[in-house]
Amino acid sequence: MFNAHPLVVLNPKTNTYTYKHEYQVRSPDELLKEIKMRGKEGSGISIKQLKETFPTAVQVIEEFEKEGKVLVMRTSKEAQPRLVFWNDVPENQGGKKVEDEFLSLWADLHNPVEADLLRSLERDGLQATASESLPIKPLPTKKKGKKPRTSTRPAKITNTHLAIDLSKDFVKS
């Protein structure tokens, strides 16, 4: 049953099953090689997945970051490492560390809504180059329509389960 599963490996010597992690990292050197290999592909590695295989990955990655070998992307609130990337241009080869002020300014930037952007360009006498200038239409307002009236007439009650015709007069005169 487990033999066919791609994420489970059988150890024939001990006849036990083990989980096959996405990254097979056991030492700091292997970790650096893996980060470098993924960096050449243009992608980073999730710290959460690295911790499954290599429990001391966070400490090792922080050391690599201090040495300038890797770049670490952190969470915005707790500043915990989230992704790690290979640093193609370390500081000793002309690369520069991104300043904290720039990072905070970058995080504060928000893209405006496209309609607002087109209005502000038009107001300044400019035109968007990638799209045609479309006339800005006001948002449609909901029209109040007549509500369907519910019937207030009482429903005709028929007692079909009775064998008596209620429309006849049964009083003998």
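No value in this document is a laboratory result; all are computed from the given coordinates. Computed from a predicted model, the values in this text were never measured in an experiment. Cβ placement follows ideal geometry from the backbone for every residue including glycine, while neighbour counts extend to all protein chains displayed.
For region 98-121, list residues with backbone N below 15 Å from a point placed 7 Å from the Cα of ALA79 toward its Cβ?
Inside the label zone: 98-105.
Give the Rg (one decimal place) followed by the Dmax (whole number) of region 1-56, computed from C-alpha coordinates and expressed in Å.
Taking only Cα atoms of region 1-56, I get Rg and Dmax of 13.6, 39 Å.
Please work out the Cα convex hull volume for region 1-126 and give it in Å³ per residue.
It comes to 211 Å³ per residue, whole-number rounded.
Could you sort the peptides 4-11, 138-145, 79-86 by per-residue average Cβ neighbour count (10 Å cutoff), highest mean leading?
79-86, 4-11, 138-145
Beyond a 27 Å Cα-Cα separation, which of these cross-linked pairs lie in this structure: LYS48/LYS69; LYS20/LYS77; LYS48/LYS97; LYS40/LYS97; LYS36/LYS66; LYS13/LYS40?
LYS20/LYS77; LYS13/LYS40
What does a probe at VAL9 reach in region 25-67, counting residues whose amide N is under 14 Å from the point 7 Å along Cα→Cβ?
Answer for region 25-67: 25-27, 53-54.
In nm, what is the difference between 0.36 nm times the number of residues separating LEU126 and ARG26 and their Cα-Cα distance?
Result for the pair: 30.3 nm of gain on full extension.
Only four residue types carry charge here, +1 at the Cβ of Lys and Arg and -1 at the Cβ of Asp and Glu. Report the dipole size of region 1-148 about the Cα centre in Debye, rounded to the nearest 20.
Value, rounded to 20: 1180 debye.
For LEU71, which sequence-distant residues (separation of 5 or more, or a different chain) have an amide H within less than 5 Å of its own amide H, given hydrogens modelled in the peptide plane?
The answer is PHE85, TRP86, ASN87.
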